[in-house]
Every structure is written in C-alpha cells, then in structure tokens.
Amino acid sequence: MFTRLSIEVTTPSGVTVDHRLIAHDDPRGLLILLPGRGYTCDHPVLHYLRKAAADLGYDVLSVWYSFQVAAIPDDQVTMQQLAAEVDQAIREVLKRGYRHVMIAGKSLGTPLAVLHAQQAERLILLTPVGTAVQDAGSKPTLAIIGTADPVYDPDAIEASAENVEWLVLEGLDHGLEAAGDWATSLDALHQITAACVEFLN
C-alpha cells in the first residue's frame, strides 16, 4: 500500500510548485520522473512508468516545472533555472532517506536527469535530446527512442558507450507513439514499460 503526498517547493522565481510523491511505508527505493516540455508526468509513458514503479515498491516523485504551473512562457526559463528547480525538489524528497535512487527523464527532462546523475544509481532517458546520453558518463543507462523521432540518430546510437542499453522502436515519434495507429502505440507503450520495469529490477 502507498499514500499520495504533496511535496511543495517555492522556486527561486517565486513560483510554488506542487510535486507529487507516491510513498510506501517501506520503499524499495525512489524513482524521480523529470517530464518533457509539453509531456508531463500524466502523459502515457510517464504515467504507466509511475504505476509500474509503484507496483515494484518504489516511491515515485513526479516533478513539475514552474512554467507548467504558472503563466510563464517556457522560453523565458533557462536550463540553469530548471536545474535549480529540480535540485530543490530532489533535495526535499531525499530528506526521507533512500538507499536506492533512479531518475527517468523525458526529452527536456533527459539533460536534467544527467545533471543530477550523481544522486542516482541508474538513469532512464526517454527520447534523449542533445548530448544527454554521452553526458551520462559511466552511469548504467536505458535509452529509448523511436525511428520517426526527429532527434533519432542511428550513428550516435552506434557510438554509445557500453553502459547504455538502447531500445529503438520502429516508427515511433517524439511522443513515443505511432502517428495514426493507436494499436501500435499501445503495443509500444507495453514494450517501453516492460523494458523500464526490467531495468529497475
């Protein structure tokens, strides 16, 4: 059994953000979810990853960014500011004391996950952008992407370090869905969630 808690943090810009925590009495560890720009923790892949991790006994922190909860244009919030916001949320929840910490980032959340990798044992990078995969260093990493994603780069995947495990799904876009094909999208959602569960185990 678990309870749903609110982790309230006021960012340096003065925005109060209500992060959500699924908390067990005796958690196996902590999974931190760092969403994308428009892909929040309530979108399918992160929603089911949260449910699956909770079923495994993990506490799960669902992070929100200030521009997602306040009337702030996202292009006015720098990566440095977002990194500070994420750091606040992580520091607050780590006060609960965890032996094992994992971080999963989606798109915009992938470089933020890497920036906080020193606090985690493992990383899950969903549709990684920029140099997130390379910047993960030697941290055990699961990276997932679709071949229809504009940021998909087979050469970069081929050149990845041995600590990076890739799941490349044919025809999926940046939302990890197959455009115009709900059945394939649902099959992919199952495959992605199962891969993440195996990695967390």
Query raised in the report: Which lysines does Lys51 reach when only Cα atoms under 18 Å apart count, and residues fewer than 8 places away in its own chain are ignored?
Result: Lys106
Requested in this report: Quick one: grab Rg to one decimal and Dmax as a whole number for segment 154-201, Cα atoms only, in Å.
Outcome: 12.4, 35
Query - Signed unit charges on C-beta, dipole axis of segment 2-200, positive-most listed residue Leu94, Ala183, Ala195 - result: Leu94
Report summary line: Note: the chain at 37 °C, 0.692 mPa s; Kirkwood Rh on alpha carbon pairs; Stokes-Einstein D in µm²/s works out to 194 µm²/s
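Sort Lys139, Lys106, Lys51 so that the residue with the fewest other Cβ atoms within 10 Å of its own Cβ comes first and the one with the most comes last.
Details: Lys139 18, Lys106 30, Lys51 13.
Arranged by neighbour count, lowest to highest, Lys139, Lys106, Lys51 become Lys51, Lys139, Lys106.
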Report task. Report the antiparallel proportion of the DSSP beta bridges in the chain as a percent, rounded to a multiple of 5. Result -> 30 percent
Report task. Taking the dipole about the Cα centre of segment 2-200, with the C-beta of Lys and Arg at +1 and of Asp and Glu at -1, give me whichever of Ser13, Thr40, Ala143 is farthest to the positive side. Result -> Ser13
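Suppose every Lys and Arg Cβ carries +1 and every Asp and Glu Cβ carries -1, with no other charges. What dipole size does segment 2-200 come out with about its Cα centre, to the nearest 20 debye? Don't jump to the answer; show the numbers that get you there.
Numbers: 13 positive and 26 negative charges, 165 e Å.
Taking the Cα centre of segment 2-200 as origin, the dipole is about 800 debye.
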Requested in this report: Taking 7 Å along the Cα-to-C-beta vector as the label spot, tell me the Ala70-Lys51 distance in nanometres, rounded to one decimal.
Outcome: 3.3 nm
Report task. Using only Cα atoms, find the angle between the long axis of helix 182-200 and the longest principal axis of the chain, and express it within 0 to 90 degrees, rounded to the nearest 10. Result -> 60 degrees
Requested in this report: Let me have the 222 nm mean residue ellipticity of the chain computed from DSSP H runs of 4+ only, each contributing -39500 (n - 2.57), with the sum over all residues rounded to the nearest 500.
Outcome: -9500 deg cm²/dmol
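Each value in this text was obtained by applying a stated rule to the coordinates, not by laboratory testing. Note that the structure is predicted; figures quoted are calculated from it, not measured. For neighbour counting, all protein chains shown are included, and Cβ atoms are generated from backbone atoms with ideal geometry for every residue, glycine included.
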